[in-house]
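These notes are about the structure you will find just below.
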Amino acid sequence: MVDVAFQSNRAAAAQTGRRRVGLRNALRRKSMSAFLMTLPLILLIAVLVIYPALYSLHLATLNKAMTKFVGLGNFEFLFKRETFWLVVKQSCIFAISAVVFKALIGFIVAHFVHNVPANKQRKWRGMLLVPWVIPPAMSTLAWLWLFDPSYSAFNYTLSFFGIGPIPWTGDAMWARFSVILVNVWYGAPFFMIMYLAALKSVPEQLYEAAAIDGANWWQRIWYVTLPMMRNIIAITTLFSLIVTFANFDIVRILTAGGPLDHTHIFATWAFRVGIEGSDIPLGASVSLFMVPILAIAAIFILRDITKRGNEA
Amino acid sequence: MSRKKLSRREFVAATALSSAALITAPYVRGAYAAGKLSMGFWDHWVPGANSASTELVNEWAAKEKVEVQLDYITSQGNKNLVTIAAEAQAKSGHDIFQMPTWWPQSNAELLEPVNDIMEPLLKLNGDVNGTVKYLGQADGKWLGVPASVGSQIKGPCSRIDLMKKHAGIDVQEMYPAGSPPKADHWTLDTFLKAAEACHKAGFPFGIGLGETSDNVDTAGAIFQSFGAQLVDAKGNLTVKTDAVRQSLDFYKKLLAFLPPDVSAWDDASNNKWLVAGKGAMIMNPPSAWAVAKRDAPQVAEQCWTHGFPAGPKGRFAPYLPFFWSIWSFSKNKEAAKSLLSHLSQPASIEKMVVASGGYDLPAYEKLTTLKVWEEIGPPKGTLYHYPNPYKHQTLSIAASPAPPKIAQQIYFQATLTKMCLRYYQGESMEKTLAWAEGECEGFMRS
């Protein structure tokens, strides 16, 4: 009896010991430590991102009074609205043209900065990043004053050359141009700094080899620089596309969607419908409409990056 | 060590005695015996105007032994609207919220009825105008107490000198301080002629046609002056009517005499227009005049706030009331009602109106002749007709009398100003009407 009791204690102790060793091993595993260290962030994202995302999905399935489940009824309603399709069109024009110009300007400026002597580069980098570090709501206010319908500083300057006045925010085409311009001004420095980092990582030997082969300036860019920067260009474009599609502050401050709704994008129209019009389910549906568009873009861009990664 | 044991009898006796003592003991009222109350009030843009509300709340709290928390929430960037939406979703937040125009109706199911305090207040202060009833009542239930703070009429604010010189209209004679208006000839036709004359003289009227409140309010009053409604009180579409056509034709004529950039105007544009001395008239509460008093005194002393021009179906002026509403999830509804009753006493209302420099308007008919509007200047009497003391015009809100939940959409989607702009820019009348009809059909979803 005593023996049995003793043996059972020993078994329990061995089990506890094994458990301790198991825990120690688990903690020693890099993946486990990494998981534990990122756990606070995961929880934070779950609370601040996943929960609101699921909640907005839930809201989008309710009727206007939020008393009845309507499934995809809100989307069905939106698809019949002329203004909704105007917003879809404008969001695409706004995001695509802004991202293209940001990428182009960022690429050109990154080359200029890359060719500046190393000791002067810091100054240029700092100055060129200024638009990106100012909160956009604040810088857009300054742009609003520059574009002010009655007291535009641009129009004042142009008047000396006999040009204008230009209805910067009063005419549909000019208003679209203005919001895209401000977005490009704000976002180009991000592209510039990313491309600059990518340029610095291109091995010098490749350019030397290209030079020996007799490649000219354009061929060096096309056959060396661009292929080496492809991944960073793809990632930056995807990131910027998501942020630009979801933009709110620039349009809201500069034109509030006008004139005649010709500058509304998803976020500003969702705010107009959901908050100002007290139709929160419809507002949620408008903002959720961005998700499939961005998901498709993300799938294509990320698939391309993975494919190249595998090839490498 | 001996230890005395408590017998069962002794324990029962002691418990009974202490319970009796607790029950019969006199109630000692603590500093915050009546609990807590939190308020989300609109952050006034007149400097110092909040202090009157704070004083009144603190005075009441000290008397009633309630711990109060008072937050002033700005309407800049629609922060108040976002807060209302968040509290309505969370069903948690302030006990009392000061809601602008349409928000009591859009949150009607979540608000505590205040009929029990409104009835005595109406007896005390007089009846309220139709717009307050339209926005503040649902199925006979008062959704909030009309707040004088923030409530405003957006009537014409004219330049005395420019109107006299270029349009031949003496606005002071038409709306004399201290006596009833003599404005029978102040019609939309006279207004249009004056707009043309001032435009020719280089001082066009500053009336916006953008998508923000000031622009929509003016269009709303002009549409109502023609009897034009996009949706009637029963919720029927009434876009394709002669009244709507007449309103659009009127606006087409008017737009030719307005600054060329009015389609991009927001709520600040007309204020800047007046303060910069660029125009002879704007449609605004006296905030523009108050800014001019500070920044351009020579402009301020030529300003006169007065009534709207009359149209074929009457004289309408845009009126935007605020309401103090109690959330149904409030944990101290009785204290909230007591505070709202205190804030709506005539003395409290006068204190708040004075603190706002005459900007705030009480909804009650007995309180439209306070001394502040008689005395304030320069020029003295400039705001005398601002509170509509002779009921000379019907106070209304754009898109009414459509059911409020539809009207709110018409208002915030700026359907009226968009129609005017589309038609002015060359779209055919029937196409504009068809577009507006489609929009209104969409606003009717439930």
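Brief remarks follow.
- Candidate set: region B:211-230, residues that are within 14 Å of chain A (Cβ to nearest Cβ) and either free of Cβ contacts under 8 Å to residues at least 40 places away in the same chain or among the β-branched types (Val, Ile, Thr) (or both); chosen: the one surrounded by the most Cβ atoms within 10 Å (Cβ to Cβ): B:216
- Within region B:254-287, if we keep just the residues that are within 10 Å of chain A (Cβ to nearest Cβ) and free of Cβ contacts under 8 Å to residues at least 40 places away in the same chain, the residue that is farthest from residue B:49 (Cα to Cα) turns out to be B:260.
- Exactly one residue among B:418, B:405 is at the interface with another protein chain (Cβ under 10 Å from one of its Cβ atoms) and at pLDDT below 95, and that residue is B:405.
- All conditions but one from (1) buried (at least 21 other Cβ atoms within 10 Å of the Cβ); (2) in a helix (DSSP H, G or I); (3) more than 10 Å from every other protein chain (Cβ to nearest Cβ) apply to residue A:292; the one that does not is (1).
- Filtered residue count, region B:178-209, keeping only those that are under 17 Å from residue B:253 (Cβ atoms) and polar (S, T, N, Q): 2
- Selection within region B:32-62 - in a strand (DSSP E or B) and either crowded, with 18+ Cβ neighbours inside 10 Å or in contact with a Cys (Cβ under 8 Å, 6 or more places away or on another chain) (or both): B:37, B:38, B:39, B:40, B:41, B:42
- Yes/no for residue B:290 being at pLDDT below 95, more than 14 Å from every other protein chain (Cβ to nearest Cβ), outside any loop (DSSP other than H, G, I, E, B) and closer than 30 Å to residue B:104 by Cα: yes
- Spans of helices (runs of 4 or more DSSP H) in region B:70-164 with at least 1 residues among the small types (Gly, Ala, Ser) and crowded, with 20+ Cβ neighbours inside 10 Å: B:79-90, B:103-106, B:130-136
- For region B:270-287, a residue qualifies if it is in a helix (DSSP H, G or I) and in contact with a helix residue (DSSP H, G or I) (Cβ under 8 Å, 6 or more places away or on another chain), and the qualifying residues are B:270, B:271, B:274, B:275, B:287.
- Sole exception among (1) under 24 Å from residue B:175 (Cβ atoms); (2) surrounded by 24 or more Cβ atoms within 10 Å (Cβ to Cβ) for residue B:262, by number: (1)
- Members of region B:331-376 found to be touching a residue at least 60 places away in the same chain (Cβ under 8 Å), of a type outside the set (A, V, I, L, M), within 29 Å of residue B:159 (Cβ to Cβ) and outside any helix (DSSP H, G or I), listed by number: B:356, B:357, B:358, B:359, B:360, B:362
- Residue A:241 being without any contact (Cβ under 8 Å) to a residue 24 or more places away in the chain, under 24 Å from the mean Cα position of the chain (by Cα), more than 14 Å from chain B (Cβ to nearest Cβ) and under 23 Å from residue A:102 (Cβ atoms): no
- Residue in region A:245-268 that is nearest to the other protein chains (Cβ to nearest Cβ), counting only those that are in a helix (DSSP H, G or I) and either surrounded by 24 or more Cβ atoms within 10 Å (Cβ to Cβ) or free of Cβ contacts under 8 Å to residues at least 40 places away in the same chain (or both): A:252
- Of all residues making up region B:81-90, the number that are modelled with pLDDT of 95 or more and not hydrophobic (A, V, I, L, M, F, W, C): 2
- Among the residues here, residue A:150 does not qualify as in contact with a Pro (Cβ under 8 Å, 6 or more places away or on another chain), closer than 30 Å to residue B:425 by Cβ, surrounded by fewer than 19 Cβ atoms within 10 Å (Cβ to Cβ) and without any contact (Cβ under 8 Å) to a residue 60 or more places away in the chain.
- For the condition within 24 Å of residue B:215 (Cα to Cα) and buried (at least 22 other Cβ atoms within 10 Å of the Cβ), residue B:171 qualifies.
- Test: residue in region B:290-297 that is assigned by TED's automatic domain parsing to the domain that holds residue B:182 and either buried (at least 24 other Cβ atoms within 10 Å of the Cβ) or within 16 Å of residue B:396 (Cα to Cα) (or both): no
The values are calculated or read from the model by the stated rules, or taken from the named source; none is laboratory data. All values derive from a computational prediction rather than experimental measurement. Cβ atoms come from the backbone with ideal geometry, glycine included; neighbour counts cover every protein chain shown.
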